[in-house]
Structures are given as C-alpha cells and as structure tokens.
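**Student:** Mind having a look at this structure? Questions to follow.
Read-outs: derived from the displayed coordinates by stated rules, not from any lab. Quick caveat: nothing in here was measured; it's all calculated off a predicted structure. Here the Cβ positions follow ideal geometry from the backbone for every residue, glycine too, while neighbour counts run over all protein chains shown.
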C-alpha cells in the first residue's frame, strides 16, 4: 500500500483503487484486506473509500453497471433530538436520565404491535405511514423522507414476518450533554448550544433487512450458476438493467423505509417519556446508515457508513459533526480518539467538528 498522505493509504483492487483512512498502517492493511472484495464489483467507480479504526471499519463502493447484496450493511436510521431543558436543569443528576427514560416511557414500545400489512406499509411509505398512525408529528417528516421506489413484496414473506416480530425492538439510545463547541456558526445553524441535552436514537432494519438481502443474493447467485451473469462467483452481483438488480434495490429501499418507521415510533415514545423531565424534544438532524445510496449515474453500496452529504449534521463517535461531502457523500459514524487536539476524520477531510458530546449515564 502506498502511504499517500498522513492517515491515508492507497492500493489497487481488481476493478478499482482502494483509498483507506486509518490511524496507522496496520489498521489500514487489515481494512484493505476486508474491503478488497468491494473493489471487485464490475463497473466499479474508483476509488472504493474505506475508513477504519482497530475495532471497526466500513466502506462506500460505487458501480455504474452492477449492484451486489454482499457489499451493504443492513439499512438503519439515526436521529438527533434536542431538549428544551439544559442537562443541568433536569431536577436530578443528568446521569440518571437514562434510567428514568427506561422506567417511565419506553415500556410503551412493547405495547405497539404491527401485523404483516402494517409492516408492508412501513416498508413502502416509511415515516409517512407512521404519521398516518399518529406515531410522529407532521413537521418532523421533513427529516425522514422515504424512498419512493420501494416495494414490500420484494423482501419476501420471511422478511416481513421478521419485521412483525422485531417491530418494537432493537432501539439504541444515547443521551449527551453538549460540551466544548468547536464551530459556533455550525452550531447556531443547527440551533444547538453548549450545555444542552441531546439524544441520539438509532434503529436498524434488523432481520427484515438481512433476510431481504439474503433472498436477493440467492436469486443473483442462481443466475450466475446458470451462466446468465458472469461477475466474480465470490461476489454475486447483477447488471443494473436486470430484474434481479431492480428487485434488490427495491428491497434495500424498503428495508430503509422500515427502519424509518421504527425510528419514528422510538422518537414518539421518547418525546412522551421525556416531556415531564426535559420539555419538548425536537428533531434537528437525521441520517441513514448502510444500505444503498445513489449518485447521478451510479449506485453506492454502504457498509458501516453513514450518509453525510456536504453540510449535513451527523454524530460520529460522540462528536457532533458536519459532512464534507467526500466518499460519495458518506462518513464513518464510529468513534476515533482525539489525540493532541487532532481528530482523524477531520484531518483526513471526512467530517468537520461542531461540538463534543459528553455521554450521560451510558446507553439504553
């Protein structure tokens, strides 16, 4: 691998160059080994962008001719909410807020059931379907725009059944107090100040997303075995003009919409749980993770990355950040330490720092 500049390594894959952002060469080499499969996709748009720390990594791989189920992670949705009340004004130690939320409000989640028809609606219309069921306020829908080209039938019955079982499970919640501010203009544009209580909510498409991707991998593999497609056998992929590719993309978008619907329910429950403690919770930012993205004339496969276009807010490892629009408008949402005042993702031009977020009371 060529050490092209500080924190960035380059090497050749089979169909595309691979660009790795990592804290050291050992981590970069391991990340390149994992991501080299992504550089085999036919029609690859070079480079495949990779970011890694010793514990985690991800990539964004684009192709203008093919799509491959193995190159994405399960679609997810993350949301940043801001409370009316500063962390210091809760009336009890801020680190106890998570326990209060878990005790008071989130048990409501277990009472909200969803049948197959309801899961299908969420897959096709996302948070808009949740709004029809009074699970989210209309003004919040601007943050959760659904994919339009999504078809629940493309996921298969097993995936829909999994969605029924997991509808109200698997919500990740982190409470933070806004700490040191690095960019006051950026924070002002987001309406956030130091000392505020903010909440990060994360929800994935779970087994519904995994089963849906597996179904289409099997379909595409069958076409390869029959000789109809001829991409690498260890990377089942389908030409974008085929029915198999269209159905897979539709399934991925449906899974992303399902994650949005689940996120809407989680936000609704959180807003009710925290009303007495912290006043109103307002959505200030939302971003997708995993799944499929789209460029002007190519498809982007995201594994472990968050969608982060230029100027878009995203939380990355406890840092409230802004996207630089690099890596096909993606960024690493996982953490990396700040050393000597330097933050790796910022040094490499992936994200800019707006503020540090101090975790309160662990995760729920």
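**Student:** Going highest first, how would you order 23-34, 192-203 by mean Cβ packing within 10 Å?
**Tutor:** 192-203, 23-34
**Student:** If R0 is 22 Å, what FRET efficiency do you get for residue 297 and residue 17 from their C-beta distance, rounded to 0.05?
**Tutor:** 0.70
**Student:** Under 17 Å from a label point 7 Å along Cα→Cβ of residue 282: give me every residue in region 289-326 with its amide N that close.
**Tutor:** 313
**Student:** Just want the ordering: 8, 283, from fewest to most Cβ atoms lying within 10 Å of their own Cβ.
**Tutor:** The fewest-first ordering by Cβ neighbours comes to 8, 283.
**Student:** Please work out how much length the chain gains when fully extended from residue 228 to residue 30, using 0.36 nm per residue of separation minus the C-alpha to C-alpha distance, in nm with one decimal.
**Tutor:** 67.9 nm
**Student:** Give me the number: length gained by fully extending residue 153 to residue 172, i.e. 0.36 nm times residue separation minus the C-alpha to C-alpha distance, one decimal in nm.
**Tutor:** Gain in length upon complete extension: 4.1 nm.
**Student:** Compute for region 2-69: radius of gyration divided by Kirkwood radius, i.e. Rg/Rh, restricted to C-alpha atoms, rounded to two decimals.
**Tutor:** Rounded to two decimals, Rg/Rh equals 0.97.
**Student:** Taking the chain as a Gaussian network, Cα atoms linked when under 10 Å apart, which of 148, 246, 226 shows the biggest mean-square fluctuation?
**Tutor:** Evaluated over the chain, the most mobile residue of the options is 226.
**Student:** Now a separate question. Where the centroid of each part is defined by its Cα atoms, how far is region 238-266 from region 28-93 in Å?
**Tutor:** Spelled out, the Cα-based centre of one part sits 17 Å from the other.
**Student:** Please report how far the C-alpha centroid of region 280-325 lies from that of region 171-216, rounded to the nearest whole angstrom.
**Tutor:** Computed from Cα coordinates, the inter-centre distance equals 10 Å.
**Student:** Still on this structure, please answer the following. Within the P(r) computed for the chain, what percentage of the Cα pairs occupies the region above 33 Å?
**Tutor:** The answer is 30 percent, as a whole percent.
**Student:** Can I ask one more? What shape does region 151-239 take by its C-alpha gyration tensor, where a ≥ b ≥ c are the square roots of the eigenvalues and a/c under 1.5 counts as rounded, a/b above b/c as prolate, and the rest as oblate?
**Tutor:** Details: a/c = 4.38, a/b = 2.16, b/c = 2.03.
It is prolate, given that a/c is not under 1.5 and a/b is the larger ratio.
**Student:** May I pose another question? Among 328, 298, which comes first, then next, by fewest other beta-carbon atoms within 10 Å? Display every interim value, and only then the final one.
**Tutor:** Values: 328 23, 298 17.
So the residues, fewest neighbours to most, are 298, 328.
**Student:** Oh, and also: Expressed as a rounded percentage, what relative contact order does region 195-351 have, with Cα pairs under 8 Å and six or more residues apart?
**Tutor:** Rounded, it is 14 percent for region 195-351.
**Student:** On to the next question. Mind running the shape call on region 215-301? Use the C-alpha gyration tensor, a ≥ b ≥ c as the square roots of the eigenvalues: rounded below 1.5 for a/c, prolate if a/b tops b/c, oblate otherwise.
**Tutor:** Prolate, since a/c reaches 1.5 and a/b exceeds b/c.
**Student:** Just to be sure I understand: of the beta bridges DSSP finds with both ends in region 2-69, what percent are antiparallel, rounded to 5?
**Tutor:** 80 percent
**Student:** Next question, about the same structure. Which shape class, rounded, prolate or oblate, goes with region 236-362 when its Cα gyration tensor gives a ≥ b ≥ c as root eigenvalues, a/c under 1.5 marks rounded, and past that a/b bigger than b/c marks prolate?
**Tutor:** Working: a/c = 2.71, a/b = 1.28, b/c = 2.11.
Oblate is the answer for region 236-362, as a/c is 1.5 or above yet b/c matches or exceeds a/b.
**Student:** Write down the percent of antiparallel bridges among all DSSP beta bridges whose residues are both part of the chain, to the nearest 5.
**Tutor:** 95 percent
**Student:** Ranked by Cβ crowding within 10 angstrom, fewest neighbours first, how are 4, 11 ordered? It would help to have the intermediate numbers written out before the result.
**Tutor:** Details: 4 12, 11 18.
The fewest-first ordering by Cβ neighbours comes to 4, 11.
**Student:** So what's the back-of-envelope 222 nm ellipticity for the chain, counting only DSSP H runs of four-plus at -39500 (n - 2.57) apiece and dividing by all residues, rounded to 500?
**Tutor:** -10000 deg cm²/dmol
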